[in-house]
Amino acid sequence: MDVDGGSTSSDSTRVRSIPIHSGQCKAFLSQFKQQSLPACKPVLTPAWVIATLLLLGFVFIPIGLVTLHASRGVLEIVDRYDADCVPEEFKGNKASYIKDTSVPKNCTRILKVHKYMKAPIYIYYQLDNYYQNHRRYVKSRSDQQLLHGLKYNDTSSCKPEESNNGLPVVPCGLIAWSLFNDTYTFIRGTAELRVNRKNIAWKSDRDHKFGKHVYPFNFQNGTLIGGGKLDPNIPLGDQEDLIVWMRTSALPSFRKIYGRIEEDLEADDVIVVHLMNNYNTYSFGGKKKLVISTSSWLGGRNDFLGVAYIFVGSSAIILSLVFLLLHVKNPRPYGDTAYLSWNRKGISS
Amino acid sequence: MKRFVYINDDESPTQEIYCDNRISNRKYTLLNFLPKNLWEQFSRFMNQYFLLIACLQLWSLITPVNPASTWGPLIFIFAVSASKEAWDDYNRYLSDKKANDKEVWVVRQGIKKHLQAQDIHVGNIVWLRENDEVPCDLVLIGTSDPQGLCYLETAALDGETDLKTRAIPSACMGIDSDLLHKIKGVIECPNPDKDIRRFDANLRLFPPFIDNDVCPLTIKNTILQSCYLRNTEWVCGVAVYTGNETKLGMSRGIPEPKLTAMDAMIDKLTGAIFVFQIVVVIVLGIAGNVWKDTEARKHWYVLYPNEGPWYELLVIPLRFELLCSIMIPISIKVSLDLMKGLYAKFIDWDAEMIDHETGCPSHATNTAISEDLGQVEYILTDKTGTLTENKMVFRRCCINGIFYGNESGNALKDARLLNAVASGSPDVIQFLTVMAICNTVIPVQSKTGAILYKAQSQDEDALVQAAAKLHMVFVSKSGNILEIRYNASVLHYEVLEILEFTSERKRMSVVVRDCQNRKIILLSKGADEAILPYTAAGQQTRTFSEAVEQYAQMGLRTLCLAWRELKEDEYHEWSLMFREASSTLVDREWRIAEVCQRLEHDLEALGITAIEDRLQDGVPETIETLRKAGINFWMLTGDKQNTAIQIALSCNFISPEPKGQLLLIDGKTEDEVSRSLERVLLTMSITTSEPKDVAFVVDGWALEILLKHYRKAFTDLAILSRTAICCRVTPSQKAQLVELLKSCDYRTLAVGDGGNDVRMIQQADIGVGISGREGLQAARAADYSIGKFRFLKRLILVHGRYSYNRTAFLSQYSFYKSLLICFIQIFFSFISGVSGTSLFNSVSLMAYNVFYTSIPVLVSVLDKDLSEETVMQHPQILFYCQAGRLLNPSTFAGWFGRSLFHAIVVFIISINAYAYEKSEMEEVAMVALSGCIWLQAFVVTLETNSFTILQHLAIWGNLIAFYVINWIVSAIPSSGMYTIMFRLCGQPSYWITVFLIVAAGMGPILALKYFRYTYRPSKINTLQQAERLGGPILSLGNIEPQPRSLEKEVSPLSITQPKNRSSVYEPLLSDSPNARRSFGSGTPFDFFQSQSRLSSSSYSRNCKDN
């Protein structure tokens, strides 16, 4: 970074040049012992620092523009539905609505496509104020059990959801227990939009982290029902919603993939979403959003990187200009040993 | 307490009481190694802390990460230091075993048997042959030599390489060698001690070897463990001290480990961080509990039980304690130890610090205190052998009022003296006789016929050599008979008694019988004040005093020679007293001195010898450079005041008039001393404002009074004075002075070469020994041993300074990187419900501290901020180290701020760039970790001043290693971060994020550094820039080589201007009752006043407080 290539110290000239042949290693060792290895001593010269900052600016601003462009090219439709899907009579007490099993949970949302969206289009559900990274939560799983199933007995890490009625739970732990269970169906015009819900989880997880022959067992059988249930006839390796959910998020606000729409959406298309609003975020004020988004080489829509690049780049340029101005207006005597205080005093006295 | 040793008595109980001769230097045994070693390691606070953390981590409820992440490094570190201890102990065991298994001839049941050395018991008779090593402390009872002498090489004991003679006690004289193994008797001796110069015991033989007298034993009658028998066919002796109770075994001790100022500062900073950590833990712990009770219970998926266990409130604070535990980096101790080891190695390897005369390299015995070298404020130096070569040459003499050698500077070439010798002038002959005989020199005839002298004192050697050159040759010594060849005639003298030299008596005498005329004469030599007062009444001693004065002004060492004829009965009467005194067990030394005094009176002074001790090469330059570097010098010598002052002048120690001023503290009584001290203090406090170099001179007598009664005032004086000369001081006073300066919180370095400096060297923060002619005693006791005084410059300015700079960087960097990752964890806790979740996984956390961030910084051991030449030219730059400018709370605050800033940058960028659908925990963690690794690589780069190939390898290689290691871990299906790193490296957004972190993190730091560097440069920066510009770095403060030879400066002063030297210079002291001399007033001198101001003590003190 601040290696100034041209500046080799006087050390290197003093030291005899290293012979290329067999003595090289020996010479190196002796130079090491004498602390006289040829060294490059970079110094922060004004020219070099100003140039570096300018270069930084000129590299970062274009990258920032490109990144921002890519991010802006991503189209997304975000629809918050948790509040609107509560029937009027429960508005005052949303928690009781979601806990009441007798109340139908289905809800319909209408989304408008503003611009042409090219396939593949990703469907995410977004949860806000949901702490998947909480200490109690994030540790409450057993990777061994997910892979080996009942053959693996030590599920102490899954507390407090490790067993039920004396039988182990597969998959155990709070994460699996709180599986997200809202479902969506999309209708464009009259036809149902085909949503591909395969291959949404990481292939490595499906193949190596979740057992192909491990079936859910004793799951959600307790008195306390958490989130979604699992089909006990499908092995964990194929339960992709679970696999996606089990990839915990580092942030309290996150999106998880629900599926892919593999046909283009035209501008002004109207999409009707039928959803089952099962998941309880009301008790802690969490938000639920449905996100339909295209993708770019950078991933989803996120202006942060582009803005940050432009900010850093332009700051670098401004800084370099300030330094340049300072340098021109107020040139410093460079390496003038007369400025050493002991020499100054020598002059004055 | 006494011990009674029954000689050769197999049934005596002593065999059981006293230990056998098994030597054991081992610290551990096989059984107690583990507990004892662990106990020792855990007696340190840092280790206790780490153990506590590691134990807490075993509680899975609170541990944020796998306990292995702490236990791994902890066990590794403990294993490393335990195996080092074990290896050292094993080597000690091997060498012990070798010594214990050695076979020796021992008498058992009256029969000589070949036994292992470890089976020797107290009271056994041991037979040794030539070149055997002595297995235990023995009292001689027989030798092959008819005179009862044997020769001993004591190098292993005291480092002196000359041969020493040892004699059998008089009671054993003449016992037939066949009867020796039947000898019975009792030796009454003190309990074991470590004084290798004293053995006050008595011997009584039992019938048939009846001897009425109790025979006194001295150290002369013993041969001590680890010496070698030389030039003697065989000896036999009685074991008195065995095993670990021998003199050598007792004196062996593990010195107190020294702690550097830097270590103390690091400990202090560690303490501060610990407090900070506790505060963070408490704050976050409370916040966590509050959040838990208000928020977390609403989050049903966390499933908090309504009723927790009793320790519930503790869980969250303890989790944070564990999360924050990495604030105190476990790696810092290992890194520091490694670095310190390398510093010491660099000193050992330094080709420029090899003494080419002896081929002796410098050596760092203590590997832990190199940084202190860079922080030295006071150097206390011995004179003889340290500043001077300790190569004594006889230069001048004054015999009976006639000065020889004044013209040529070499008395041996003075025609008048040669004529006097040739003509047989009786004064001169007597003078030469004393020179040749009055000593303890052993002449050894070499194969070529030349005579070599083995002398314990360099002065005696010089005198005997000089006498030989003046045709009075000391040819041989067989028993008590000395053979002297004078011109063609051979003279014999029988030595009757030797009145040995002690530092209290300051003289030595021999009583000899002249075999030619059977007369008994007493020959004495010693310091003038120890001889001249005892001369016969009526003898004019003025000329001698003047001669002494004159020679001392030239920096020559003077000895006064005297003699007296004894009457036969006077001698016999005295001899009885002497014998009695010699056999006392209590206060023997004092009693002997008293008895000697009775003989040494009414002497006839013969003359004065003047011996030159040349200054070592480069001493004035070294002292000048180090004084410019702000180091204060004190000279502590046993020599005379005038000699000391002259040497001080000639080696730039003090500056002559009018720039310099010497203030004398003297007086014989308490009153005089106190008045004198007050005056000096007054003068000092006034003159500190002037650019004047003030030094005070004090002698041993006055010092004794000062230290006893006026300690506080003297301490004030010590603080004010940059230079001091203390003459005629004893070893213990030297140590007291060191202690005095240490108590004022100064870093002291003591340098010396002889046994009399050992205490001072051990007392000082840093002890430097000159491996010189006075043996290796000082060098062994010292932390550093060097061949020549001038290497001190390089030791301090190059090695000390670099060590300080490097450790300053390493330690602060270690805290920076630990704080960085810790701050990120803390920030993460704010978005994870203050629940104490660790963002990073166990592997990353462990590898971050132990591996990723430790390797690159280790190569800073090669970093040089300024080249060696620049430092030598601008020694003032050492001030930065002395004042601790590179490691103190404010620099540390800078690093603290930097880690906070970097943590914010990394955290904000990682969580924003990897938000929404990319917010998978493992990925975010790896992005943040990559950001940290990249940042630290650039921080090391920015802070490195000189890049060698190794630095590039370590910094960039480490970055590559980070990816390689993570790819490997990512390839293991069972690991938590399976495929993560491959996934990330394939994403353009990952690289864009990482570069953003680097630019945002380093940009402001680069700008700030550049701004400081250019517009607020430190002296170091200015010199760096100057160096970069190339060309010769000229400054006014350059040290021109100044060939200040002793002769040139001194001779005009003392000889051509004899009147001037007593001229009085006392601007402030005109009321002084004592005539106060100014020294060297006749010589015009220039002095670099530039430095006296900068580095005057007040200046450096002010800066230190900043």
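The values are calculated or read from the model by the stated rules, or taken from the named source; none is laboratory data. Predicted model only: the values in this text are computed from it and were never measured. Heads up, the Cβs are rebuilt from the backbone with ideal geometry, glycines too, and the neighbour counts pull from every protein chain shown. The accessibility values were calculated without ligands, DNA or RNA, using every heavy atom of the protein model including side chains. Shrake-Rupley method; radii C 1.70, N 1.55, O 1.52, S 1.80 Å.
For B:N66, the residues whose amide H sits under 5 Å from its own are B:S842, ignoring neighbours fewer than 5 places away on the same chain, with H placed 1.01 Å from N. This model, with +1 at the C-beta of Lys and Arg and -1 at the C-beta of Asp and Glu, gives region A:42-179 a dipole about its Cα centre of some 200 debye.
For A:I234, nonlocal amide neighbours, meaning residues 5 or more places apart or on other chains whose placed amide H falls under 5 Å from its own, do not occur. Taking Cα atoms only, the orientation of helix B:801-830 departs from the longest principal axis of chain B by about 30 degrees. Non-local lysine pairs in region A:193-285, meaning eight or more places apart or on different chains, with alpha-carbon distances under 16 Å, amount to 4. Relative to the Cα centre, the charge distribution of the protein assembly as shown, modelled as +1 at Lys and Arg Cβ and -1 at Asp and Glu Cβ, gives a dipole magnitude of about 3840 debye.
Charge dipole (Cα centre; +1 on Lys/Arg Cβ, -1 on Asp/Glu Cβ; no other charges) of region B:288-327 amounts to roughly 120 debye. Within the same chain, lysines fewer than 8 places from A:K91 are excluded, and of the rest, those with a Cα less than 20 Å from its Cα are A:K99, A:K105, A:K287, A:K288, A:K289, B:K298.
Grouping the Cα pair distances of region B:709-849 into 10 Å bins from zero gives a pair-distance distribution of 10, 25, 21, 13, 12, 12, 5, 0 percent in increasing distance order.
Each residue of region B:285-300 is assigned a 3J(HN,Hα), and the resulting list reads x, 5, 4, x, 5, 5, 4, 4, 6, 8, 9, 4, 5, 6, 7, 4 Hz, derived from the Karplus form 6.51 cos²θ - 1.76 cosθ + 1.60 (θ = phi - 60°), x at Gly and Pro. Computed from backbone phi, the HN-Hα couplings of region B:222-237 come to 10, 10, 9, 3, 6, 7, 10, 7, 10, 6, 9, 5, 8, 9, 9, x Hz, rounded to whole numbers (Karplus: 6.51 cos²θ - 1.76 cosθ + 1.60, θ = phi - 60°; Gly and Pro given as x). Set the Förster radius R0 to 56 Å, insert the Cβ-Cβ distance between A:T190 and B:K268 as r into 1/(1 + (r/R0)^6), and round the FRET efficiency to 0.05. For R0 = 56 Å, the calculated efficiency reads 0.10.
Against chain B, whose longest principal axis is taken from its Cα atoms, helix B:921-943 shows a tilt of about 40°.
B:D267 contributes about 90 Å² of solvent-accessible surface, heavy atoms of the protein only, 1.4 Å probe. Taken over the C-alpha atoms, chain A has Rg and Dmax values of 31.3, 99 angstrom. Around the amide H of B:I379, modelled in the peptide plane, lie the amide H atoms of B:N632, B:F633, B:W634, B:L749, all under 5 Å away and 5 or more residues distant in sequence or on another chain. Between region B:998-1012 and region B:693-761, how many Å separate their Cα centres? Centre-to-centre distance over Cα atoms comes out at 49 Å. Over region B:481-577, what is the mean sequence separation of C-alpha contacts under 8 Å (at least six apart), divided by residue count, expressed as relative contact order in percent? Computed value for region B:481-577: 22 percent relative contact order. Database note for chain A: Cys without another Cys beta carbon under 4.7 angstrom, A:C25, A:C40. Principal axis extents of the C-alpha atoms in region B:619-753 (largest first, rounded to whole Å): 39, 35, 31. May I ask which of A:K33/B:K340; B:K413/B:K477; B:K98/B:K345 have a Cα-Cα span longer than 18 Å here? Where the Cα-Cα span goes over 18 Å, the pairs concerned are B:K413/B:K477; B:K98/B:K345.
Considering only the other residues whose Cβ falls under 14 Å of the Cβ of A:L326, what net charge follows from Lys and Arg at +1 and Asp and Glu at -1? Result for the local shell: +4. Only protein heavy atoms count here; on that basis, with a 1.4 Å probe, B:W291 has an accessible area of about 50 Å². Over the protein assembly as shown, accessible surface divided per residue gives 41 Å², non-protein components excluded, 1.4 Å probe.
Each residue was assigned an accessible area with a 1.4 Å probe, and for B:H572 the value is about 90 Å². For the pair B:N131 and A:H69, label points projected 7 Å from Cα toward Cβ lie 9.1 nm apart.
Just to be sure I understand: if I project the alpha-carbon convex hull of chain B onto a plane and average over all orientations, what area do I get in nm²? Projected area, direction-averaged: 53.9 nm². Rounded to the nearest 500, the helix-only mean residue ellipticity at 222 nm of the protein assembly as shown stands at -12500 deg cm²/dmol, with each DSSP H run of n ≥ 4 adding -39,500 (n - 2.57).
Net charge of the neighbourhood of A:D268, taken over other residues with C-beta under 14 Å away and scored Lys/Arg +1, Asp/Glu -1, is 0. Expressed as a whole percent, the accessible area of the protein assembly as shown that falls on carbon and sulfur atoms is 58 (1.4 Å probe). To the nearest ten degrees, helix A:304-329 and the longest principal axis of the Cα atoms of chain A are 20 degrees apart. Taking the dipole about the Cα centre of chain B, with the C-beta of Lys and Arg at +1 and of Asp and Glu at -1, give me whichever of B:S575, B:V5, B:T683 is farthest to the positive side. Farthest along the dipole direction, towards plus: B:T683. Which pairs break 27 Å Cα to Cα here: B:K628/B:K864; B:K268/B:K817; B:K164/B:K447; B:K333/B:K1009; B:K258/B:K659? From the list (B:K628/B:K864; B:K268/B:K817; B:K164/B:K447; B:K333/B:K1009; B:K258/B:K659), the Cα-Cα distance tops 27 Å for B:K333/B:K1009; B:K258/B:K659.
Using a 10 Å cut-off on Cβ atoms, rank the peptides B:845-855, B:274-284 from the highest mean neighbour count down.
Order by mean packing, descending: B:845-855, B:274-284.
All alpha carbon pair distances within the protein assembly as shown were sorted into 20 Å bins beginning at 0; the resulting P(r) in whole percents reads 8, 27, 27, 19, 12, 6, 1, 0. Per-residue Karplus couplings for region B:733-748, computed as 6.51 cos²θ - 1.76 cosθ + 1.60 with θ equal to phi - 60°, are listed in order as 5, 4, 5, 5, 5, 4, 5, 4, 5, 5, 5, 8, 6, 9, 7, 10 Hz, Gly and Pro entered as x.
Taking region B:683-752 as the region of interest, the number of lysine pairs whose Cα atoms are within less than 23 Å, with members eight or more places apart or on different chains, is 5. The listed residues A:W177, B:W563, once ranked by accessible area (1.4 Å probe) with the largest placed first, stand as B:W563, A:W177.
The B-A contact accounts for approximately 9000 Å² of buried accessible area, totalled over both chains at a 1.4 Å probe radius. Set the Förster radius R0 to 22 Å, insert the Cβ-Cβ distance between A:K33 and B:T891 as r into 1/(1 + (r/R0)^6), and round the FRET efficiency to 0.05. That gives a FRET efficiency of 0.15.
Here region B:349-396 and region A:223-249 have alpha carbon centers that stand 76 Å from each other.
Quick one: Debye curve from the alpha-carbon atoms of region B:332-448 only, equal weights, vacuum; give me log10 I(q)/I(0) at q = 0.13, 0.20 Å⁻¹ to two decimals. The Cα Debye sum returns log10 ratios of -0.79, -1.19. If you average the C-alpha positions of region A:64-101 and of region A:115-129 separately, how far apart do those two centres end up, in angstrom? Cα centroid of region A:64-101 versus Cα centroid of region A:115-129: 12 Å apart.
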